[in-house]
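To keep things clear, I will list the structure first and then write my remarks on it.
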Amino acid sequence: MIMNATKYLRYIVTPLIALLLLCGCREEQEETQITEFTLRVDESVSIKLPQSNAYTLTADNPIIDYVQSGSRLDVTAIKEGKTTLTVMLDSGESRSYTFTVTANASQIGFTIISTPRVESWVGSSLKTEQTAGLQVSCEPGVDITGASADSSTRTYTFIYTETGKLLRFSAQGDFTQKGSLNNGVIATRENRNEPIQYETCTAVTIEKVNSEGKIWFTLQFADRSDIRIVTEVF
């Protein structure tokens, strides 16, 4: 069943458009494809600037760090807020890039989970308590971007704290019983120096709830293997 992701596309439509245009490749964003970015604190994005012999960069709010090297611009979110970064070219033309920065999981006050596992994200099943540096959080009332959402929305995050390797999953519905959830989205990243990749789930189901307070999520996709998450009910 194709799930309705309209609500989340409102938050992640620009990164999704960029991903479709790039055919899933982890390349720099073409400057003609995207000019508005939503990042969480400590997340980064690389932008390909138009060709120029010289660049002058100014930001109207110091909530981001940025480093320009040739036609590549690396931007890292450092605190919450909104800013416009203007890039002047030697031709006299300019480009403007808007960044909206939201709180990350540690700033929101998430619940750290000690025992979940995730299957088919990497090659083997990952058990949190047996995987060094892997931390899992549950954020009720928060969507995939870190923005506040209604109480039926939850976001689970698996992150290697040292490297920034990330799997974030968000959905909406009743998390306490078997059935289907709506608006399933995942966000993945290989390390903290790479931009986050977003993908909409074709279906999200809760297959089992047991007496120990465990639930089994199955996240289904059109072009990749299903991901299975076993965790506590919150």
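Numerical summary
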quantity	calculated
In the stretch 151-183, residue surrounded by the most Cβ atoms within 10 Å (Cβ to Cβ) [restricted to those that are of a type in the set (Gly, Ala, Ser) and farther than 29 Å from residue 132 by Cβ]	173
The stretch 80-108, subset part of a loop (DSSP other than H, G, I, E, B) and surrounded by 14 or more Cβ atoms within 10 Å (Cβ to Cβ), residue modelled with the lowest pLDDT	104
Only listed residue being surrounded by fewer than 20 Cβ atoms within 10 Å (Cβ to Cβ), out of contact with any strand residue (DSSP E or B) (no Cβ under 7 Å at 6 or more places or on another chain) and at negative phi, chosen from 224, 192	224
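The values are calculated or read from the model by the stated rules, or taken from the named source; none is laboratory data. Because the structure is predicted, anything quoted here is derived from the model rather than measured. Virtual Cβ from ideal backbone geometry, glycine too; neighbours counted across all protein chains shown.
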